[in-house]
Amino acid sequence: MLSPLDIESKKFIKSAVGGYNRADVDKFMELVLADYEKLYRENIALKDKTNTLSDAVDHYKSMEDTMQSTLLVAQSASEEVRNNAAEKARLIVEEANGKAADIIKNANAEMEKSAQKNEQLKRDYILFKSRVIAEFETYLKTIKSNLPNEADNNENTN
């Protein structure tokens, strides 16, 4: 691409016959040079703007990539936290169920001991009652045997 300096420094060779009017060519060259210089500057400005926008796009793409990887890390961390919480909850429930089973087992054992003790007390009561009755009957027999006989009493009084 020609630069404005290339156009400005361009020299035409004069021809001997039927050459161009130098003043017209110079005037035209000045117009072409002005327009070309304007277009050349606009082109440079647009290239700079394109480079700036391209850099900005690259920057935003980099930010997007960073955000996407950050989002993936956050999702992964969130899932890990959720899984850890679920596992911890499962372990807590499992431990609570184990403790509940132990409490029920101990309560049943205590209830069984209480039932056995109650049965032993009933047996002891029945045995005690039988002994008391037996002793009472023994004492009653002893007392009756030591009492004078009614028949003897009636004979003595007649």
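The values are calculated or read from the model by the stated rules, or taken from the named source; none is laboratory data. Just so you know, these numbers come straight off a predicted model, no measurement behind them. Please note: Cβ atoms are built from the backbone with ideal geometry, for glycine as well, and neighbour counts cover all protein chains shown. Each accessible area value is taken on the protein alone, full model and side chains, heavy atoms only, with ligands, DNA and RNA left out. Shrake-Rupley method; radii C 1.70, N 1.55, O 1.52, S 1.80 Å.
Data overview
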{"quantity": "Cβ-Cβ under 6 Å pairs, at least 6 apart or on other chains, the range 119-139 side of a type in the set (Ser, Thr, Tyr), far side part of a helix (DSSP H, G or I)", "calculated": "none"}
{"quantity": "The range 19-55, residues that are modelled with pLDDT under 85, hydrophobic (A, V, I, L, M, F, W, C) and open to solvent by 100 Å² or more (accessible area, probe 1.4 Å)", "calculated": "PHE28, LEU31"}
